[in-house]
Amino acid sequence: MKKVVLCALALMGGTAMFAQFNTSTVTQTGLLNVNGTLQGGLMNNSDVDQTGNLNLNGTLQLGDYNDSDTDQTGNLNLAGTAQLGNRNEATTLQVGNLNASGTLQVGNRNDATTWQVGNLNLSTTSQIGNRNGSFVWQEGNRNESDVDQTGNRNDSYVDQWGNRNSSDVDQDGNRNASEVEQWGNRNTSIVDQDGNRNDADLFQLGNRNFSEVYQDGNNNLATTDQIGNRNYSGVGQFGNRNESDVDQTGNRNGSSVIQDGNRNEADTDQMGNRNSSSILQVGNRNDARTNQVGNDNVSIVEQIGNRNESDVDQYGNDNWAGTGQYGNRNESTTFQLGDDNYALTIQDGNDNVSYTGQIGFLNDSEVYQVGNSNFNAVGQIGLGNYSLVEQYGNSNISLVGQAGIGHYSHNLQVGNGNFSLVGQLGVGNWSDVHQFGNGNVDVTLQN
């Protein structure tokens, strides 16, 4: 409807003013350019410059002290501006051919600026409220930008350089801020913020990158940087004061972050190709950090509860790490250096701690902790080592160290306050420790 109204206004091909002291300036150079201006109120100003052929512009201003400036250079460009309220400002610059821009501002002291250089670019901006600000700069061909802001003092900045980039920003609430920069071709970004004082900052450099951010609540912060080609980042934050930071460098990396609750933090760093990271946090004050350097690494983190912490570091290729924490104040750390290592940590309860470190190739570690205040540490250095730790109860301690080739260790603790230490050096050692009851102690050393 907005586009239809503006086009109809432009087709009038004239200027109409009522009330007092409104100003309209129109300069047209070329063939068959068309302009329509309608102003009602006090001290409104409209300035239109069209150079080229078959350009079309429509300006509608109803209120006081509104200002509209439209400049079109080229052929077959279309611009429409509608401002309803007081002291709104709209600036539109189009250089090239077949560009289209539409600006709608309803309220007071809104400010919208649109610059398009190239061909077949499309920009639509809709601001309803007071003191909203939008700046869109598109340079290239077939870029698209859509900005919708409803509320007060929302702020959006979109910068697209290249071809066929697409940006969609939707902000509903007060004092939200969004910044999007896309340099390259066929990049896509989506920002949807509902609430107050949310902030999303997206940067994409390369081709065919895709980034989407959805924030519902207050004071959430999302930052995403993508450098390379065909990377994907998805962030969903629901609640208050959640933070997400995603950095991707390389090609075909994928990152997903979902946080539901308050004061959760997620940090994802990916450098290389085809790495995959997934973080799900439900509750309050959970913290997840994932760092991947190499190719084809996979990290999955799921934390449900409060004040859980997960730290995953992967250096190499084809490593897999999975962390599941269900309860409160659990802590898990996974470190992988090498190729084809596998680490799984599951914690169900409160105050459990698990550390897993793998250096080498084809090492496998699995940890299951069910209960409270259990502690586990696994260290594997070499090739093809396997460790399985199961703790069911409270305050159990398991320590496993493997260095060499082809070691096997299984620690099972059922009860409370049990202690197990296993150390394996050399080649092909086997350890199987089962503890049932309370206060049992075992030390196994093999070389």
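The values are calculated or read from the model by the stated rules, or taken from the named source; none is laboratory data. Keep in mind the model is a prediction, meaning the values are calculated, not measured. So basically every Cβ, Gly included, is an ideal-geometry build from the backbone, and we count neighbours across all protein chains shown.
Laid out as a table, the results:
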| read-out | value |
| --- | --- |
| Test set (1) free of Cβ contacts under 8 Å to residues at least 24 places away in the same chain; (2) in contact with a Gly (Cβ under 9 Å, 6 or more places away or on another chain) - Asp199 fails condition number | (2) |
| Only one of Thr37, Thr51 that is touching a residue at least 12 places away in the same chain (Cβ under 8 Å), in a strand (DSSP E or B) and buried (at least 24 other Cβ atoms within 10 Å of the Cβ) | Thr37 |
| Any chance Leu120 is touching a strand residue (DSSP E or B) at 6+ places or on another chain (Cβ under 9 Å) and either among the acidic types (Asp, Glu) or surrounded by fewer than 19 Cβ atoms within 10 Å (Cβ to Cβ) (or both) | yes |
| Count - residues of region 324-346 that are part of a strand (DSSP E or B) and within 17 Å of Ser373 (Cα to Cα) | 10 |
| Condition broken by Asp313, with the remaining ones in (1) buried (at least 24 other Cβ atoms within 10 Å of the Cβ); (2) under 21 Å from the mean Cα position of the chain (by Cα); (3) within 16 Å of Tyr355 (Cα to Cα) satisfied | (1) |
| Any pair with Cβ under 6 angstrom, 6 or more apart, that starts in region 302-320 at a residue that is over 16 Å from Asp364 (Cα atoms) and ends at one that is of a type in the set (A, V, I, L, M) | Glu302/Leu280; Ile304/Val282; Ser310/Ala288; Ser310/Val301 |
| Test set (1) in contact with a Ser or Thr (Cβ under 7 Å, 6 or more places away or on another chain); (2) surrounded by fewer than 17 Cβ atoms within 10 Å (Cβ to Cβ); (3) not hydroxyl-bearing (Ser, Thr, Tyr) - Gln402 fails condition number | (2) |
| Qualifying residue in region 275-282 (condition: farther than 20 Å from Ala343 by Cα and either surrounded by 18 or more Cβ atoms within 10 Å (Cβ to Cβ) or in contact with a Lys or Arg (Cβ under 7 Å, 6 or more places away or on another chain) (or both)) | yes |
| Candidates Asn253, Asn264, Asn242, Asn284, filtered to the one that is farther than 20 Å from Gln215 by Cβ and either at pLDDT 95 or above or in contact with a Cys (Cβ under 6 Å, 6 or more places away or on another chain) (or both) | Asn253 |
